[in-house]
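The values are calculated or read from the model by the stated rules, or taken from the named source; none is laboratory data. Here the structure is a predicted model, which means the values were calculated and not measured. Positions of Cβ are generated from backbone atoms using ideal geometry, with glycine treated the same way; all protein chains shown enter the neighbour counts. When the accessible area is computed, the model is the full protein with side chains, heavy atoms only, and any ligands, DNA or RNA have been set aside. Shrake-Rupley method; radii C 1.70, N 1.55, O 1.52, S 1.80 Å.
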Amino acid sequence: MLKKYLFLTKPGILFGNFVTTLGGFFLAAQGSVDFLLLLITLLATTLVVASGCVVNNVIDQDIDQKMQRTQNRALVQKTISPSIALVFAAALGLLGFGMLWLFVNAYAFGFAVLGFVVYVGFYSLWSKRTTIHQTLIGSISGASPPVIGYTAVSNEFDVAALLIFLAYALWQMPHSWGIAIYRFDDYKNAGIPILPVARSILRTKVESLIYVVLFAAVLNGLYCFGYTNLFFLISFNALCAYWVYLSIIGFKAENDQVWAKRYFLYSVILITALSFSFSFSYVSPAPHLPLF
């Protein structure tokens, strides 16, 4: 039974957000890591994300039963009731939000609220079922954890926080569309109006390439504004160059699903490598460029 509750929280999503939170924290820490603050921030953020994922499972029951990869989820199989799941989500959320408010700071708490509200309200309840712009809306929630990690240390929203917020949101687009092409039939059967289903796979490939370039351009701002070093400039652009290459060869792919799986997996590798690189690609002392 514990395993069923664990899978309600979507461990894959938890791990991804854990890594990006870590990246934001490392960038702001500039080599001086407060391990207790790091532990609290990671745990609290993970609890908040887990809460949102459980609520998403409750909302998506009708969709999940139409998709092959989600047909065995506990709520679809009726092994956990929606009411119990919501109680579980409330407990996770209250604990996570409480820890951020009491032991971290208002900035981290605020971005956790932003991410949760967008994911549950604007994405799960509304845009996922109704608009082609669902991925863009959902990207706001995906970009919140690295900013939670960053502001937990900095206690301010500065240029670097803005850049990682924008960049991680831009990364979400080709990353999510890669999954959508790979699982095209699932999304089509569920009637989800995501870009490759609502428009075409070709248009999705074109827009994915554009977003990869935008992602690279925005995050290079960290070097331009003096937050990261030469290692970051070289390694990050090398990672992005390969992602651009994968985007381009996608136009000639013989099997879109095979290509999309590779494309999606590389996006995960890139964001993981990037996030961990912030532990040694920072500049200290970093420039003090607060926005608010």
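Computed quantities for the displayed model
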quantity	calculated
Options Ala260, Ala190; residue that is touching a residue at least 12 places away in the same chain (Cβ under 8 Å) and open to solvent by less than 10 Å² (accessible area, probe 1.4 Å)	Ala260
Check on Ile148, open to solvent by 10 Å² or more (accessible area, probe 1.4 Å), farther than 16 Å from Lys128 by Cβ and assigned to a helix (DSSP H, G or I)	no
Positions within region 20-35 being of a type in the set (Ser, Thr, Tyr) and assigned to a helix (DSSP H, G or I), in sequence order	Thr20, Thr21
Test: residue in region 202-221 that is among the basic types (Lys, Arg), open to solvent by 30 Å² or more (accessible area, probe 1.4 Å) and more than 19 Å from the chain's Cα centre (by Cα)	yes
Lone unmet requirement of (1) open to solvent by 40 Å² or more (accessible area, probe 1.4 Å); (2) under 27 Å from Val153 (Cα atoms); (3) not in a loop (DSSP other than H, G, I, E, B) for Asn17	(1)
Qualifying helices (runs of 4 or more DSSP H) (wholly inside region 162-238; at least 1 residues being modelled with pLDDT under 95 and out of contact with any strand residue (DSSP E or B) (no Cβ under 8 Å at 6 or more places or on another chain))	184-190
Subset of region 109-133 (residues that are among the β-branched types (Val, Ile, Thr) and open to solvent by 40 Å² or more (accessible area, probe 1.4 Å))	Val113, Val117, Thr130
Residue under evaluation Glu156, criteria (1) open to solvent by 10 Å² or more (accessible area, probe 1.4 Å); (2) assigned to a helix (DSSP H, G or I), criterion not met	(2)
Residue in region 275-286 that is loosely packed, with under 13 Cβ neighbours inside 10 Å and either under 20 Å from the mean Cα position of the chain (by Cα) or hydroxyl-bearing (Ser, Thr, Tyr) (or both) present	yes
Single condition Leu136 does not satisfy, out of (1) assigned to a helix (DSSP H, G or I); (2) open to solvent by less than 40 Å² (accessible area, probe 1.4 Å); (3) of a type outside the set (Phe, Trp, Tyr)	(2)
